[in-house]
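What follows is one structure encoded as structure tokens, with my remarks underneath.
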Amino acid sequence: MTNTYTLQVAGLERDLPIIRLTENLSIASFVILGDAELLREASPLLVDKLPEVDVIVTAEAKGIPLAYEVTNQLGLSAYYVARKTVKPYMQNPLMNEVHSITTQAKQTLCFDQKDALEIKGKRVAIIDDVISTGESLRALEELVELAGGNVVAKAAILAEGDAAKREDIIFLEELPLFD
Ligand SMILES: O=P(O)(O)OC[C@H]1O[C@H](OP(=O)(O)OP(=O)(O)O)[C@H](O)[C@@H]1O
Ligand SMILES: Nc1ncnc2[nH]cnc12
């Protein structure tokens with residue numbers, strides 16, 4: 001049977017399967033895609049911790065439903081998703097490289113030019129489900145800055161491993177890493 005870690009967040013409990021990534025590193029897999037209840041309960045708690053912002057930015061994929069909830073609760077009209085592949089319908093994409101804890105190979109983060117132009121000059125909150133090595137966040141922050149946005153907040157539901165020691169991020173709960 002799969003080992004699990006019991007996470008308590010936003011008044012809810014979830015049993016997260018522990019998944020081996022390498023010989024010495026396992027994570028408690030936190031997948032909020034489809035978990036409407038957790039998204040509904042966690043989003044207002046994150047919103048309460050945010051400063052005033054103009055737009056929400058996230059990276060695909062697991063950050064998307066959270067960015068949507070937070071955007072709605074703030075009464076904003078749009079949120080922006082950095083894609084991990086350039087699609088044929090994207091025009092003049094703005095790109096940066098990323099390498100997260102769960103990805104072996106280098107990945108690209110990119111904004112459609114239209115989105116990049118809309119982010120320019122805006123106060124941006126970067127939202128994600130979990131921050132671990134911080135690589136995804138760093139790459140997304142760089143991409144927002146390339147677009148001319150001003151990152152005023154970096155927030156996630158969970159801070160994993162050493163990320164929980166960071167003072168520049170907003171989060172609700174810690175998530176341990178495992179050997
Ligand atoms: O701090 P890091 O080490 O970069 O890890 C955090 C990132 O990893 C996860 O995404 P993942 O790379 O698994 O991609 P996905 O959302 O497309 O599944 C998560 O949604 C964060 O974006
Ligand atoms: N614990 C986790 N579960 C799913 N994706 C992640 N990305 C980084 N940490 C993760």
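So, in region 104-151, how many residues would count as being of a type in the set (D, E, K, R), assigned to a loop (DSSP other than H, G, I, E, B) and touching a residue at least 40 places away in the same chain (Cβ under 8 Å)?
Here the count works out to 1.
Just a yes or no: is a residue in region 149-159 surrounded by fewer than 16 Cβ atoms within 10 Å (Cβ to Cβ) and either at pLDDT below 95 or among the charged types (D, E, K, R) (or both)?
We begin by selecting, within region 149-159, every residue surrounded by fewer than 16 Cβ atoms within 10 Å (Cβ to Cβ); these are 150, 152.
From the residues that got through so far, the ones that are either at pLDDT below 95 or among the charged types (D, E, K, R) (or both) too are none.
There is no residue in region 149-159 that is surrounded by fewer than 16 Cβ atoms within 10 Å (Cβ to Cβ) and either at pLDDT below 95 or among the charged types (D, E, K, R) (or both).
Name every residue in region 90-103 that is part of a loop (DSSP other than H, G, I, E, B) and within 22 Å of P65 (Cα to Cα), in order of residue number. Spell out the reasoning first.
Just the residues of region 90-103 that are part of a loop (DSSP other than H, G, I, E, B), to begin with: 90-93, 99-103.
Matches in region 90-103: M90, H99, S100, I101, T102, T103.
Could you look through region 43-70, keep only residues that are of a type in the set (D, E, K, R) and assigned to a helix (DSSP H, G or I), and pick out the one that is surrounded by the fewest Cβ atoms within 10 Å (Cβ to Cβ)?
My answer is D48.
Regarding E174, is this residue over 13 Å from the mean Cα position of the chain (by Cα), outside any helix (DSSP H, G or I), modelled with pLDDT of 95 or more and acidic (D, E)?
Spelling it out, E174 is indeed over 13 Å from the mean Cα position of the chain (by Cα), outside any helix (DSSP H, G or I), modelled with pLDDT of 95 or more and acidic (D, E).
Hey, among the residues in region 19-73 that are in contact with a strand residue (DSSP E or B) (Cβ under 9 Å, 6 or more places away or on another chain) and among the basic types (K, R), which one's farthest from ligand 1 (Cβ to nearest atom)?
Here the residue is K49.
Output the number of the condition that Q73 fails; it satisfies all remaining conditions of (1) closer than 28 Å to L16 by Cα; (2) assigned to a strand (DSSP E or B); (3) in contact with a Pro (Cβ under 8 Å, 6 or more places away or on another chain); (4) not small (G, A, S).
(2)
Look through region 1-12, keep the residues that are modelled with pLDDT of 95 or more and over 17 Å from E160 (Cβ atoms), and return whichever of them is surrounded by the most Cβ atoms within 10 Å (Cβ to Cβ).
Of everything passing the filter in region 1-12, L12 is surrounded by the most Cβ atoms within 10 Å (Cβ to Cβ).
Of all residues being of a type in the set (S, T, Y) and assigned to a strand (DSSP E or B) in region 13-42, which is surrounded by the fewest Cβ atoms within 10 Å (Cβ to Cβ)? Just the residue, please.
T22
With the condition kept exactly as written, say whether any residue in region 74-82 is over 19 Å from A164 (Cβ atoms), within 12 Å of ligand 1 (Cβ to nearest atom) and touching a Ser or Thr at 6+ places or on another chain (Cβ under 8 Å).
yes
Keeping to region 111-136, report how many residues are modelled with pLDDT of 95 or more and surrounded by 21 or more Cβ atoms within 10 Å (Cβ to Cβ).
13
Looking at (1) under 20 Å from V47 (Cβ atoms); (2) within 16 Å of ligand 2 (Cβ to nearest atom); (3) not hydroxyl-bearing (S, T, Y), find the lone condition where K84 falls short.
Evaluating K84 over (1) under 20 Å from V47 (Cβ atoms); (2) within 16 Å of ligand 2 (Cβ to nearest atom); (3) not hydroxyl-bearing (S, T, Y) leaves (1) as the failure.
Which condition number does A139 fail, the rest of (1) modelled with pLDDT under 95; (2) more than 13 Å from ligand 2 (Cβ to nearest atom); (3) in contact with a Gly (Cβ under 9 Å, 6 or more places away or on another chain) being met?
Only one criterion in (1) modelled with pLDDT under 95; (2) more than 13 Å from ligand 2 (Cβ to nearest atom); (3) in contact with a Gly (Cβ under 9 Å, 6 or more places away or on another chain) is unmet by A139, namely (3).
The values are calculated or read from the model by the stated rules, or taken from the named source; none is laboratory data. Please read all numbers here as calculations on a predicted model, not as lab measurements. We place every Cβ from the backbone using ideal geometry, glycine too, and count neighbours over all the protein chains shown.
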